[in-house]
1. All but one of (1) open to solvent by 30 Å² or more (accessible area, probe 1.4 Å); (2) under 24 Å from Gly25 (Cα atoms); (3) free of Cβ contacts under 8 Å to residues at least 40 places away in the same chain hold for Ile68, so report the exception by its number.
2. Where the second residue is buried (at least 18 other Cβ atoms within 10 Å of the Cβ) and modelled with pLDDT under 95 and the first is at negative phi and lies in segment 42-56, which pairs have Cβ atoms under 8 Å and are six or more apart or on separate chains?
3. So Val47 ticks every box in (1) of a type outside the set (Phe, Trp, Tyr); (2) open to solvent by 60 Å² or more (accessible area, probe 1.4 Å); (3) farther than 16 Å from Tyr104 by Cβ but one. Which box is left unticked?
4. Of the residues that sit in segment 6-30 and are open to solvent by 40 Å² or more (accessible area, probe 1.4 Å) and within 18 Å of the chain's Cα centre (by Cα), which one is farthest from Leu79 (Cα to Cα)?
5. Kindly list the number of the only condition in (1) of a type outside the set (S, T, N, Q); (2) open to solvent by less than 20 Å² (accessible area, probe 1.4 Å); (3) in contact with a helix residue (DSSP H, G or I) (Cβ under 9 Å, 6 or more places away or on another chain) that fails for Glu87.
6. So, Trp105, is that one modelled with pLDDT of 95 or more, closer than 20 Å to Ala22 by Cβ, open to solvent by 60 Å² or more (accessible area, probe 1.4 Å) and of a type in the set (Phe, Trp, Tyr) or not?
7. Would you point out the residue of segment 71-84, among those that are in contact (Cβ under 8 Å) with a residue 60 or more places away in the chain and open to solvent by less than 50 Å² (accessible area, probe 1.4 Å), that is nearest to Ser39 (Cα to Cα)?
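The values are calculated or read from the model by the stated rules, or taken from the named source; none is laboratory data. Worth saying up front: this structure is predicted, and the values here are computed from it rather than measured. Reconstructed Cβ throughout: ideal geometry from the backbone, glycine too, with neighbour counts over all protein chains shown. Note: areas computed on protein heavy atoms with side chains; ligands, DNA, RNA excluded. Shrake-Rupley method; radii C 1.70, N 1.55, O 1.52, S 1.80 Å.
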Amino acid sequence: VQLQASGGGLVQAGGSLRLSCAAYGNLPKLKTMYWYRQSPGKAREMVATLTTGGRTDYKDSVKGRFTISRDSAKNTIYLQMNSLQPEDTAAYSCKVDQYFAPTYWGQGTLVTVSS
């Protein structure tokens with residue numbers, strides 16, 4: 001299974017971006033989907049999670065601004081990011097956990113928010 005993240009770019013503060021994470025391969029035991037981010041000199045942090053049951057969770061600083069979603073037919077996870085701020089600048093990556101099966105990570109996609 002390969003995860004391919006895309007959608008990053010340069011945006012002004014207050015703008016929006018939508019990240020995509022396409023899964024190539026089967027994930028028959030999919031449990032939870034994640035978006036993480038890592039800024040230079042900082043530890044990687046969880047931004048959003050989505051379970052196959054539909055439960056979501058968000059880092060406090062992005063609540064109300066970011067939305068994680070999934071299109072099962074397209075095997076793709078999304079992260080809609082609104083009201084972006086310079087502190088949201090980071091490399092964003094996706095991850096999927098499965099029940100009693102391997103975890104997969106996608107490569108990062110860079111988001112830069114200018115003030």
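1. Ile68 satisfies all of (1) open to solvent by 30 Å² or more (accessible area, probe 1.4 Å); (2) under 24 Å from Gly25 (Cα atoms); (3) free of Cβ contacts under 8 Å to residues at least 40 places away in the same chain except (1).
2. Thr52/Leu30
3. (2)
4. Tyr24
5. (2)
6. So Trp105 passes the test.
7. Result: Leu84.
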